[in-house]
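*Asks:* Just passing along the structure, written as structure tokens.
The values are calculated or read from the model by the stated rules, or taken from the named source; none is laboratory data. Remember, predicted model here, so these are calculated numbers, not experimental data. We place every Cβ from the backbone using ideal geometry, glycine too, and count neighbours over all the protein chains shown.
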Amino acid sequence: MENLDEIKSEITGQVAAAADLDALEQARIGALGKKGRVTEMMKGLGAMSADERKEAGQALNSLKGDINAAIDARKDTLEGAHIDAQLEAERIDVTLPARRISAGAIHPISQTIEEVVSIFGEMGFTVAEGPDIEEDWYNFTALNIPPDHPARQEHDTFYVNAIKDGQRMVLRTHTSPVQIRTMQTQKPPIRIIVPGRTYRCDHDATHSPMFHQVEGLMIDEATHMGHLKGCLIDFCRAFFGAAELPVRFRPSYFPFTEPSAEVDIGCSFEDGTLKIGGGDDWLEILGSGMVNPNVLENCGIDSTKYQGFAFGMGIERIAMLKYGIPDLRTFYDSDLRWLRHYGFASLDVPSMVGRAAR
Ligand code: PHE
């Protein structure tokens, strides 16, 4: 038989020199694989006498054991080195500053519309909408404001070039035309709330040529002034978050309601700052009234059978009062610093942004 010590040192030398796990596997196959050097020698045992076989068998088994031990040791070393290299290459630098997540904010106009819609939603009102570019008939005539009526002058109307039924189309001056559109297409009982853009040729700290209103309309057989009052008192108290908020109904005039009332809430001016809820001052916040029978008839609704109330309010105005925003023009400046200050966190961004976080 060949010199086993020499063979052993040759093979363990190859094992120790294996540079990676592949090379190590090649060395193992060369010695212990099906046609490996040691395996071939084992095959020779069968041709030996019993005594020779016993001696050579023991020697070969011990050689095999030594080789396996050398392979295991080398394997441990190579795997350890592999993990070390990986740890080094994939190390995360935890000292790097975090990336800023820039969260958007809900504009106070959108927030206020949401609040108004949800308060009236609880009272059973659903949202209705109409076009911004409106026919003269819907914006004025059907609302009991005929062509020569003085109320038309007060509306500072933007006229557009398009003409319908001999009249110039207009940018709607209020959301009231949606009352008409709804009464033409729905049968009573009607309970709608109409948030939307409105336009008047006017521009200063409290007026913008484009602004927002919310209209309300309720029509049924027995809807009366008491319903109007209860509904609007509840709304004012819910919106301003003051259960005892004083609310006053002051006689007024609108062509499309009779009787008409403007609604004021109690407030005080202490050291020049406005405080809502109590005190001896009043702030006007909306217009309202019982729908004029002429308006019902213009929509094909029998005014001897149905009656109801309507109201309209400026969104910017109630947002400015509730959130202490001093200048109406800033709503449309698209200044991100302003939006960060007055905006609201959206529901899916639980952290930061504006007063909702405070
Ligand atoms: N349309 C009126 C306005 O713009 C508000 C209003 C609506 C008044 C409904 C009464 C009823 O001023």
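A quick yes/no check of all residues on (1) of a type in the set (S, T, N, Q); (2) farther than 23 Å from PRO209 by Cβ:
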residue	(1), (2)
GLN153	yes, no
TYR159	no, no
MET169	no, no
ARG172	no, no
SER176	yes, no
ILE180	no, yes
ILE190	no, yes
VAL194	no, no
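*Asks:* Considering only residues that are out of contact with any Leu (no Cβ under 7 Å at 6 or more places or on another chain) and β-branched (Val, Ile, Thr), look in the stretch 286-322 and name the one that is farthest from PRO251 (Cα to Cα).
*Replies:* Only one residue tops the list, namely ILE301.
*Asks:* What pairs come up if the first residue lies in the stretch 153-174 and is away from the ligand (no atom under 14 Å from the Cβ), the second is assigned to a loop (DSSP other than H, G, I, E, B), and their beta carbons are under 7 Å apart, counting only those six or more places apart or on different chains?
*Replies:* Filtered contacts from the stretch 153-174: PHE158/CYS201; LYS164/GLU135; MET169/GLU135.
*Asks:* While we're on this one: Take the residues in the stretch 235-254 that are in a strand (DSSP E or B) and more than 13 Å from the ligand (Cβ to nearest atom); name whichever of them is surrounded by the most Cβ atoms within 10 Å (Cβ to Cβ).
*Replies:* VAL247
*Asks:* OK, next. Can you tell me which residue within the stretch 255-264, out of those that are closer than 13 Å to ASN294 by Cβ and free of Cβ contacts under 8 Å to residues at least 60 places away in the same chain, is farthest from the ligand (Cβ to nearest atom)? I'd like the intermediate steps shown before the answer.
*Replies:* The initial filter retains those residues of the stretch 255-264 that are closer than 13 Å to ASN294 by Cβ, namely 255-258.
Filter once more, so that each one left must be free of Cβ contacts under 8 Å to residues at least 60 places away in the same chain: 257-258.
Details: THR257: 5, GLU258: 10 Å.
If we take residues in the stretch 255-264 being closer than 13 Å to ASN294 by Cβ and free of Cβ contacts under 8 Å to residues at least 60 places away in the same chain, then GLU258 is farthest from the ligand (Cβ to nearest atom).
*Asks:* Checking the condition surrounded by 14 or more Cβ atoms within 10 Å (Cβ to Cβ) and in the same structural domain as GLY241 (by TED's automatic domain parsing), which residue from ILE11, ILE113, ILE71 passes? I'd like the intermediate steps shown before the answer.
*Replies:* Details: ILE11 fails: in the same structural domain as GLY241 (by TED's automatic domain parsing); ILE71 fails: in the same structural domain as GLY241 (by TED's automatic domain parsing).
Matching residue, one of ILE11, ILE113, ILE71: ILE113.
*Asks:* Which condition number does THR12 fail, the rest of (1) in contact with a Leu (Cβ under 7 Å, 6 or more places away or on another chain); (2) closer than 19 Å to LYS75 by Cβ; (3) of a type in the set (Val, Ile, Thr) being met?
*Replies:* For THR12, the failing item is (1).
*Asks:* Shifting gears a bit: Within the stretch 272-309, take every residue that is closer than 23 Å to GLY230 by Cα and acidic (Asp, Glu) and give me the one that is nearest to the ligand (Cβ to nearest atom).
*Replies:* GLU284
*Asks:* Check the stretch 214-230 and report whether any residue there is in a strand (DSSP E or B), modelled with pLDDT of 95 or more and away from the ligand (no atom under 14 Å from the Cβ).
*Replies:* Of the stretch 214-230, the ones in a strand (DSSP E or B) are 214-220.
Filter again for modelled with pLDDT of 95 or more, leaving 214-220.
With away from the ligand (no atom under 14 Å from the Cβ) added as a condition, the list becomes 220.
The answer is yes; a qualifying residue exists.
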